[in-house]
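All remarks here apply to the structure that follows.
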Amino acid sequence: MPSQAHGWAALTPKARLEPFQFERRDVGDEDVSIKIAYCGVCHSDVHQARGEWPVAIFPMVPGHEIAGHVAMVGPLVTKYKVGDTVGVGCMVDSCMQCRQCERGLENYCCGGASFTYNSLAQDKKTPLYGGYADHVVVREHFVLRIPDNLDLCRATPLLCAGATTYAVLKYWGVTQGTRVGVAGLGGLGHVAVQLAHAMGAAVTVFTHSPNKVAAAKKLGADHWVNTTNAEEMTAARGKLDLMVDTLGIAHDLHPHLGALDIDGKLALVGIPDHAHPAVNTSLLIACRQCVGGSLIAGIPETQEMLDFCGKHNITATVEKINIDYVNEAYERILKSDVHFRFVIDLASLTTE
């Protein structure tokens, strides 16, 4: 039998989120039911709940950084038992048969992954609801084990921010001595700094907020550049092997390209609400540079990231909030007034 779920939803584009009841599917043979303890608030939640991206399915229960404990398992589940500490990231299903799924790249499923919310189940009919809720039912393959030594609230943003930044650092071969720049010290950026530092990289933070310098240093940055200071930007030219651009707004990419050495790569992981200005490809040709992107991470790599974070004690810096503060949190995110990620304590969710 389907279970009754309680959460908060945007009923229409740009509407304030409000209490919402809906159904989760029955726990199938390969499913895990998770009682949600915490859910991170990602900048993409704001974009999607406000209908700013092309696909928007309403009513919408946001949330794809989900952490909690196993409440029930299906009879064919082998990896998890009741009480286990687990998480769910940006996906809850895929076809599991195409060439990308077989490579552990379920995020690039040829038939289309089923994302945690604002998406459809693999039947391509049933809308999916996210983690601003009391529980979630997920196929076992898409459930992730969170290391016991990590604080669960602070580990929650790793399910998106950690996966997204770890994947791009690994793809571009970051290792001891790689010169990595991180543009933006927000939810994604502050995790990227920690991951790159733990990989042995020399990390430079690019930010327009001088008051974030102390935080950057504490997170492991070796250098920092005020992007509003022309002299500092000039001094940074040609110094990097990789720039991880986490900014979620459209902006000129040329200053970041200018910070790259010959053979440098600019990796885009922040998704703006409209396109970046065009890049002068002659500059790419002249310096043999690449501009690329990366979409979250596959399940094996996400688990690898969590294990890496457990080994190196990497978590997010968070502000824990109650569910009834989520609309104010959205407004503060738009003002960049969060240090560095909001996480909803679902114990605050009432079912009345």
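The values are calculated or read from the model by the stated rules, or taken from the named source; none is laboratory data. What you see is a predicted model; the values in this text were computed from it and never measured. As a convention, Cβ positions derive from the backbone with ideal geometry for all residues, glycine included, and neighbour counts pool all protein chains shown. These accessible areas exclude ligands, DNA and RNA; they are computed on the full protein's heavy atoms, side chains included. Shrake-Rupley method; radii C 1.70, N 1.55, O 1.52, S 1.80 Å.
So A196 fits all but one of (1) within 17 Å of the chain's Cα centre (by Cα); (2) within 15 Å of D241 (Cα to Cα); (3) among the hydrophobic types (A, V, I, L, M, F, W, C); (4) open to solvent by 10 Å² or more (accessible area, probe 1.4 Å); what number is the exception?
Unmet for A196, out of (1) within 17 Å of the chain's Cα centre (by Cα); (2) within 15 Å of D241 (Cα to Cα); (3) among the hydrophobic types (A, V, I, L, M, F, W, C); (4) open to solvent by 10 Å² or more (accessible area, probe 1.4 Å): (4).
Identify the residue in the range 296-352 that is at pLDDT 95 or above and among the polar types (S, T, N, Q) and, among all such residues, is nearest to the chain's Cα centre (by Cα).
T302
What are the pairs with Cβ atoms under 6 angstrom where one residue, in the range 112-127, is among the β-branched types (V, I, T) and the other, located anywhere, is surrounded by 23 or more Cβ atoms within 10 Å (Cβ to Cβ)? Sequence gap at least six, or different chains.
From residues that are among the β-branched types (V, I, T), the pairs are T116/H64; T116/C90; T116/V92; T116/G130.
For the range 44-63, what are the residues that are open to solvent by less than 20 Å² (accessible area, probe 1.4 Å) and assigned to a loop (DSSP other than H, G, I, E, B)?
Scanning the range 44-63 gives V61, P62, G63.
Could you check, for the range 251-269, whether at least one of its residues is open to solvent by 70 Å² or more (accessible area, probe 1.4 Å), on the phi < 0 side of the Ramachandran plot and modelled with pLDDT under 95?
Within the range 251-269, not a single residue is open to solvent by 70 Å² or more (accessible area, probe 1.4 Å), on the phi < 0 side of the Ramachandran plot and modelled with pLDDT under 95.
Only one residue in V82, V32, V27, V77 is open to solvent by less than 10 Å² (accessible area, probe 1.4 Å) and assigned by the TED database to the domain that holds N149. Which one?
Checking each option against the conditions leaves just V32.
Scan the range 33-43 and tell me whether some residue there is at pLDDT below 95 and not in a loop (DSSP other than H, G, I, E, B).
yes
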